[in-house]
Amino acid sequence: MSRIGKQPIDIPENVEVKIGENNLIDIKGPKGALQRQLVYILNIKRENNKLIVERSNDSKKSKSLHGLTRTLINNMVIGVTQGYSKVLEINGVGYRAAKSGNKLTLTLGYSHPVVMIDPEGISTSVEQNRITISGIDKEKVGQYAADIRSKRAPEPYKGKGIKYADERIRRKVGKTGKK
């Protein structure tokens, strides 16, 4: 039995959950609404204010998807109630970010500025050298943060580039000249 999959998901009072045909799940909360088509092998039941994910059989596929399905539903519930956010830091001389409308302009030492448009449902804010990405879909927030970081990943010698706020960069010692 999956340790994660067998745990029930608590549904807060201000969240509305609809389980449709073929495990199409709609979750609406104070921050917005999310919809996801989940795998048909598993059964999703609602009992009182809890959602329970159960396997219909003990096949290898249903065992491997049990915990994942429960986690995806839990992430949706958390997203519509609290939301998700990621913080990126920009380090380097002349590296900066600017926000205008839904466009994020990054100056990262290239011959041109890098302009990124915020995806639907995602908002960004810039304060000095920090970019905060927030939204209700955990997957979209994480992917957009990874896309921004990939424009100039941190390098190990001086630590220049874009990194997550909680990320530690393993620094290397540079060359030493012969005298």
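Quick notes on this one:
- Top-ranked residue of segment 21-62 - restricted to ones that are in a loop (DSSP other than H, G, I, E, B) and in contact (Cβ under 8 Å) with a residue 40 or more places away in the chain, ranked as most open to solvent (accessible area, probe 1.4 Å): Lys31
- Output for segment 52-86, where each listed residue is of a type outside the set (A, V, I, L, M, F, W, C), in contact with a helix residue (DSSP H, G or I) (Cβ under 9 Å, 6 or more places away or on another chain) and within 30 Å of Ala165 (Cα to Cα): Thr69, Asn75, Gly79, Gly83, Tyr84, Ser85, Lys86
- In the set Lys103, Lys158, only one residue is of a type in the set (Lys, Arg), over 30 Å from Ile52 (Cβ atoms) and in contact with a strand residue (DSSP E or B) (Cβ under 6 Å, 6 or more places away or on another chain); that residue is Lys103.
- Being open to solvent by 40 Å² or more (accessible area, probe 1.4 Å), under 30 Å from Gln7 (Cβ atoms) and either of a type in the set (Ser, Thr, Tyr) or more than 21 Å from the chain's Cα centre (by Cα) (or both) is a description that applies to Thr71.
- Tally, over segment 144-173, of residues that are buried (at least 19 other Cβ atoms within 10 Å of the Cβ) and within 28 Å of Ala33 (Cβ to Cβ): 3
- Yes/no for Asp118 being among the acidic types (Asp, Glu), free of Cβ contacts under 8 Å to residues at least 24 places away in the same chain and on the phi < 0 side of the Ramachandran plot: no
- Residue, most open to solvent (accessible area, probe 1.4 Å), within segment 82-124, restricted to residues that are under 30 Å from Pro12 (Cβ atoms) and among the small types (Gly, Ala, Ser): Ser85
- For segment 140-154, a tally of residues being of a type outside the set (Phe, Trp, Tyr), touching a residue at least 12 places away in the same chain (Cβ under 8 Å) and closer than 18 Å to Val115 by Cβ returns 6.
- Among residues of segment 125-143, those that are within 13 Å of the chain's Cα centre (by Cα), under 16 Å from Lys99 (Cα atoms) and buried (at least 21 other Cβ atoms within 10 Å of the Cβ), counted: 1
- Among the residues of segment 1-15, the one identified as part of a strand (DSSP E or B) and surrounded by 13 or more Cβ atoms within 10 Å (Cβ to Cβ) is Ile9.
- Any chance Lys138 is among the charged types (D, E, K, R) and touching a strand residue (DSSP E or B) at 6+ places or on another chain (Cβ under 8 Å): yes
The values are calculated or read from the model by the stated rules, or taken from the named source; none is laboratory data. Only a predicted model underlies this, so the values are computations on that prediction, with no experimental measurement involved. Reconstructed Cβ throughout: ideal geometry from the backbone, glycine too, with neighbour counts over all protein chains shown. With ligands, DNA and RNA removed, areas are computed over all heavy atoms of the protein, side chains included. Shrake-Rupley method; radii C 1.70, N 1.55, O 1.52, S 1.80 Å.
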